[in-house]
Amino acid sequence: MKKRNLILATLLAGSLGVASVGVTHACDGPGGNSRGDQKSDYRGGGMKKMMKKLDLTKEQRQTIRNIKSESRDQMQAKREQMGDIRNALREQGRAKTLDVNKVRELADAKSKIMADMTVQRITTMHKVRKELTPEQLVKFDAMKEKRSKRGGS
């Protein structure tokens with residue numbers, strides 16, 4: 001009985017994590033945020049506005065576009081891997097017999113990809129920051145702080 005409860009609790013915890021991510025994205029409007037704006041902060045609209053306000057040179061804009069493009073491609077591959085893992089976890093949930101070791105293996109793979117995605121986001125931001133002048137960095141940090149206070153990322 002205890003083993004069954006442990007398995008059910010593990011499945012429930014895993015499905016809540018997947019569901020919370022889905023709910024977060026489902027609440028977003030057509031533009032990717034809850035306000036329904038066409039260009040959201042999530043999809044880069046906020047970053048584009050910030051870059052305009054920073055008065056970047058053409059070289060800076062091109063370098064930052066290249067950095068973001070490279071990151072976008074890498075993140076897309078990781079999102080596809082996450083989708084495959086979610087599907088495999090769903091299949092484990094539907095299986096007649098549960099393979100706890102397989103579920104644990106999939107959960108470990110999912111957490112590694114999530115960690116990789118976090119590292120990728122921070123690395124990209126670091127590369128972008130290196131392209132800014134000290135004055136632009138001060139302005140950039142002030143905009144990021146204002147954005148985080150209003151609930152942005």
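FYI, it's all coordinate maths here, none of it is from the lab. The structure presented is a predicted model; accordingly, all values stated were derived computationally and were not measured. Glycine also receives a Cβ, built like all others from the backbone with ideal geometry; neighbour counts cover every protein chain displayed.
Check whether at least one residue in region 120-135 is among the hydroxyl-bearing types (Ser, Thr, Tyr), without any contact (Cβ under 8 Å) to a residue 60 or more places away in the chain, surrounded by 10 or more Cβ atoms within 10 Å (Cβ to Cβ) and within 21 Å of GLU70 (Cβ to Cβ), and report yes or no. So far as region 120-135 goes, yes, one or more of its residues are among the hydroxyl-bearing types (Ser, Thr, Tyr), without any contact (Cβ under 8 Å) to a residue 60 or more places away in the chain, surrounded by 10 or more Cβ atoms within 10 Å (Cβ to Cβ) and within 21 Å of GLU70 (Cβ to Cβ).
Every condition in (1) β-branched (Val, Ile, Thr); (2) in contact with a helix residue (DSSP H, G or I) (Cβ under 7 Å, 6 or more places away or on another chain); (3) under 20 Å from LYS49 (Cβ atoms) holds for VAL103 except the one numbered (3).
When the residues of region 61-80 are narrowed to those that are polar (S, T, N, Q) and surrounded by fewer than 16 Cβ atoms within 10 Å (Cβ to Cβ), which ends up nearest to the chain's Cα centre (by Cα)?
The extreme case among them is GLN76.
State whether one or more residues within region 105-127 are closer than 26 Å to SER148 by Cβ, of a type in the set (A, V, I, L, M, F, W, C) and in contact with an Asp or Glu (Cβ under 9 Å, 6 or more places away or on another chain). No, region 105-127 contains no residue that is closer than 26 Å to SER148 by Cβ, of a type in the set (A, V, I, L, M, F, W, C) and in contact with an Asp or Glu (Cβ under 9 Å, 6 or more places away or on another chain).
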